[in-house]
Amino acid sequence: MLHKVYSGTEISKILGAKIISAPAAEVIVKDILIDSRRLISADNCMFFALATKSNDGHKYIQDLYAKGIRAFVVSRINEEYKTMPEATFFLVKDTLAALQKLTAHHRKSFNIPVVGITGSNGKTIVKEWLYQLLSKDKKVVRSPKSYNSQIGVPLSVWQMNDTHEMAIFEAGISEVEEMQKLQAIINPTIGIFTNIGEAHSKNFISLAQKIGEKLKLFTKVDTLIYSSDHKDLLEVIIRSGIRNNISTFSWGHNDESDLKITKISKAEKNTAVTGTYKEKSISINIPFIDDASIENAIHCWAVMLYLEYPNDEIAERMQHLVPIAMRLELKDGINNCTIINDTYNSDFNSLGIALDFLKQQNQHREMVLVLSDILQSGRNEADLYADVAALLVKKGIKQVIGIGPSISRQKEKFASLKSSFFSSTSDFIAEYPITKFSNSSILLKGARAFKFEQISHLLQQKAHETVLEINLDALIANLNYFRSKLPQNVKVMAMVKAFSYGSGGAEIANMLEFHNADYLAVAYADEGVELRRAGINLPIMVMSPEEHAFDTMIRHQLEPEIFSFRTLRLLEKAIKQSVLPLNKPVKVHVKLDTGMNRLGYAEDEIGQLIEKLQQNPLIHVQSVFSHLAASDKPEFEEFTRHQIEVFRNLSERFTKSFEHKIDLHILNSAGISKFPEGFFDMVRLGIGLYGIAGAEADQNKLHNVTTLRSALVQIRNVKKGESVGYNRAYIAEKDVTIGTVSIGYADGLMRNLGNGKLSLRIEGQEAPIVGDICMDMCMVDLSGINAKEGDDVIVFGEFNPVNKLAKEAGTIPYEILSRISQRVKRVYFHE
């Protein structure tokens, strides 16, 4: 790799940094790091300690120093830095601004065409398709996945090196004054404005303001490419006067467009697009029929025409465009395996992202990579696979299966790993015994041409057609949203009881551990044991310790809740039988009753409790907590504040009676947003983590995490007067089209939601359930819906929220989520 190398002296000048400790002249920087968990090699690596609302990189400096990092960009100096004599600290006012400044400087080192892309939708697709189209004859660097933020863009631009002939970067903003910073970093020579819509609009006064802010990416481009069919966009472009300073290339259906679209003809699997360019009729054919793909493809067509590619060459390349996988999927596999499915693209940068996701899901000791040839890399084959092998070693991968002629030719590069190679996917399927996979995490990383979906199908655990999808990115976004409300020293205990509210145990816990949650909480000991077996190391509180389970909790270092003298006696008995060493006391969480009258010690019991706990050195009080009865109900705010005050007074007796620090916590999800006076030392984040708002302030701020979907398995015509389902509960009042959906009350769809109470979403339209819901299926009215057998059916999700379903069922979202059957397959994905 021919990446530019910077000396510490250069960097200090670029950043305007003050040097602390070891001299800057001794520092050499080839790589930058912002996430301590993603360290590959400490050699010549500089860490930027970014301070965000959800985390602070300064906390991880000492750990990174122990791992070999010696250069740190910081915004404050701590006393502990004196214990790191070999480190060089670059002190700046703002570490994010410093990261942006360094990468903007790096960008200026390259005089190549740089494409900058923004818009509401399609940025990543256009970027990836341009890469597919251009990398046949150019060495192209591009943003990994959707790295388009204030942090993602600098990391993308840092990839630029002397081998590249073109760069393609996307940029996204969520508020005003952000795009100028990204413009300075990307400094595009060609701009693409994909389209404009309402996505991420909450911080803008109007759509016109949002367009104006996004246009700031293109103030210095040579040419801006856009669709004149988007009238709001065209109006702001004209009004802004930006065309007085830059050239434009427009496409659309009107006569003034540089590329005038004259005809769009959709067939069963492809679309022909005809247009007029420079007074000539030209056309392309693409293997997609949806409107979004057609628009994205025409953007790419316009870029290729602007770059003066012959249309014959463009048309030939366009017909080979392949879909872009926008997410990594995590599924259960055969023989207790976990499958991570990334079977649509394969390049070095996305391989690193996928390997990080594989490591986050720390469910199995054995990790296997199935990797196809990396196509269109523009790099020397031997160098490419040498780098791939080195990356696998650094990421801790012990086994690789290579598929394709190129990787097979370079198999000696993988000599230090357990490896096998096959010339094609069909050879692998024919020759490799699939049953050899067991108790492993398997990452499938393949270019589209290798059809790795065939391997995925063979490895997946078979299940019926109802699936609960869990968006892990949304889960972490919700975690960070609540973190942003907390003072920096307040911990987060994440509730993963009841199979993480139906979303899955180990998968959710792994993500929470990776993203630095402080504690986990489960209802029963067996839930905690399952997490320990899955490799979870976070402290785990058990909220409902059963009499027979104290031995198990001690053995697996689970921390029981103690809420009565009986539970305390049971614990003491188990400790006595376990013969614990004095330096290994059992950590407990003491529950106080502050008005809910369910579990917990009453005020008049606290003196006796403290005395008993002080007498037993093998019991360590880790925390004291209580439970709010109605924090989500506005009419009971006064009672909630009373509970908080009672807890403050009662818990003070504990903190004064013990020398060690005891964590205090009372707030749940709704309480975090409504009662900051109750933050204390820790909060318990439950349903809010999963996207359900318990407080008015959180409405429209949380991300949807779970989507329950099924399939339309049969469509039939029912005549007037005929009945549908058990008990003839539905009689057709006219001829009607009825669809049968593969979900019933055994899957968690409550039976009382039948007979028109709930509508499912099919082809974007509401289809009411008719008749009684059966154990394994239900029936819907398809009137006015152009549906076909096999169509996707959404039970709840972003556009059919679980709150609505709960309201119709006369219950709460907790019950809906926790009732989803274990037979419903969980699919986890990461964008």
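Of the residues that sit in segment 444-462 and are open to solvent by 50 Å² or more (accessible area, probe 1.4 Å) and outside any helix (DSSP H, G or I), which one is farthest from ARG409 (Cα to Cα)? Reasoning before the result, please.
So the first thing to find is which residues in segment 444-462 are open to solvent by 50 Å² or more (accessible area, probe 1.4 Å), and the list is 448-449, 451, 453-454, 457-458, 461-462.
Adding the requirement that they be outside any helix (DSSP H, G or I) leaves 451, 461-462.
On the way: LYS451: 20, GLN461: 33, LYS462: 35 Å.
For segment 444-462, the residue satisfying everything is LYS462.
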Quiz item: Tell me, which strands (runs of 3 or more DSSP E) wholly within segment 268-382 include 1 or more residues that are of a type in the set (Asp, Glu) and open to solvent by less than 60 Å² (accessible area, probe 1.4 Å)?
Solution: 328-332, 338-342
Quiz item: Out of segment 11-28, which residues are closer than 20 Å to LYS108 by Cα and surrounded by fewer than 18 Cβ atoms within 10 Å (Cβ to Cβ)?
Solution: LYS13, ILE14, GLY16, ILE28
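Step by step: first the residues of segment 656-705, then only those that are in a loop (DSSP other than H, G, I, E, B) and small (Gly, Ala, Ser), then the one that is nearest to HIS830 (Cα to Cα). Which residue is that?
Step one: filter segment 656-705 for residues in a loop (DSSP other than H, G, I, E, B), giving 658-662, 666-668, 675, 679-681, 686, 691-695, 699-705.
Restricting the remaining residues to those that are small (Gly, Ala, Ser) gives 686, 691, 693-695.
Values: GLY686: 21, GLY691: 16, ALA693: 22, GLY694: 25, ALA695: 27 Å.
The extreme case among them is GLY691.
Kindly provide the set of residues from segment 474-507 that are assigned to a helix (DSSP H, G or I) and modelled with pLDDT of 90 or more, ordered by number.
So the first thing to find is which residues in segment 474-507 are assigned to a helix (DSSP H, G or I), and the list is 474-483, 497-501, 506-507.
ALA474, LEU475, ILE476, ALA477, ASN478, LEU479, ASN480, TYR481, PHE482, ARG483, listed by residue number.
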Quiz item: Counting only residues that are more than 24 Å from ALA521 (Cβ to Cβ) and in contact with a helix residue (DSSP H, G or I) (Cβ under 8 Å, 6 or more places away or on another chain), which one in segment 619-640 is most open to solvent (accessible area, probe 1.4 Å)?
Solution: PRO634
Practice problem: Give the residues of segment 469-481 that are open to solvent by less than 30 Å² (accessible area, probe 1.4 Å) and in contact with a Ser or Thr (Cβ under 6 Å, 6 or more places away or on another chain), sorted by residue number. | Solution: GLU469, ILE470
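Counting just the residues of segment 212-265 that are hydroxyl-bearing (Ser, Thr, Tyr) and open to solvent by less than 40 Å² (accessible area, probe 1.4 Å), which one comes out farthest from SER283 (Cα to Cα)? If you could, list the steps in order and put the result at the bottom.
Just the residues of segment 212-265 that are hydroxyl-bearing (Ser, Thr, Tyr), to begin with: 219, 223, 226-228, 240, 247-248, 250, 257, 262, 265.
Remaining after also requiring open to solvent by less than 40 Å² (accessible area, probe 1.4 Å): 223, 226-228, 250, 257.
Working: THR223: 23, TYR226: 19, SER227: 17, SER228: 19, SER250: 16, SER257: 16 Å.
Among residues in segment 212-265 that are hydroxyl-bearing (Ser, Thr, Tyr) and open to solvent by less than 40 Å² (accessible area, probe 1.4 Å), the one farthest from SER283 (Cα to Cα) is THR223.
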Quiz item: Can you name the condition, by its number, that LYS804 falls short on among (1) open to solvent by 10 Å² or more (accessible area, probe 1.4 Å); (2) closer than 30 Å to LEU358 by Cβ; (3) not aromatic (Phe, Trp, Tyr)?
Solution: (2)
Exercise. Working carefully through the options SER416, SER420, SER441, find the one that is among the hydroxyl-bearing types (Ser, Thr, Tyr) and assigned to a loop (DSSP other than H, G, I, E, B).
Key: SER416
Quiz prompt | Residues of segment 425-438 that turn out to be touching a residue at least 40 places away in the same chain (Cβ under 8 Å), open to solvent by 30 Å² or more (accessible area, probe 1.4 Å) and part of a loop (DSSP other than H, G, I, E, B), as a count | solution = 1
Exercise. Kindly indicate which of GLU366, GLU412, GLU381, GLU431 is in contact with a strand residue (DSSP E or B) (Cβ under 6 Å, 6 or more places away or on another chain) and of a type in the set (Asp, Glu).
Key: GLU366
Exercise. Please name all residue pairs, on different chains or six or more residues apart, with Cβ atoms under 9 Å, provided the first residue is in segment 579-592 and is modelled with pLDDT under 95 and the second residue is of a type in the set (Gly, Ala, Ser) and open to solvent by 40 Å² or more (accessible area, probe 1.4 Å).
Key: VAL586/SER578
Quiz item: Checking ILE19 against (1) assigned to a strand (DSSP E or B); (2) within 31 Å of the chain's Cα centre (by Cα), which test does it fail?
Solution: (2)
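The values are calculated or read from the model by the stated rules, or taken from the named source; none is laboratory data. Predicted, not measured: the structure shown is a model, and the values here were computed from it. Positions of Cβ are backbone-derived with ideal geometry, glycine not excepted, and every protein chain shown enters the neighbour counts. Heads up: the accessible areas ignore ligands, DNA and RNA and are worked out on the full protein's heavy atoms, side chains in. Shrake-Rupley method; radii C 1.70, N 1.55, O 1.52, S 1.80 Å.
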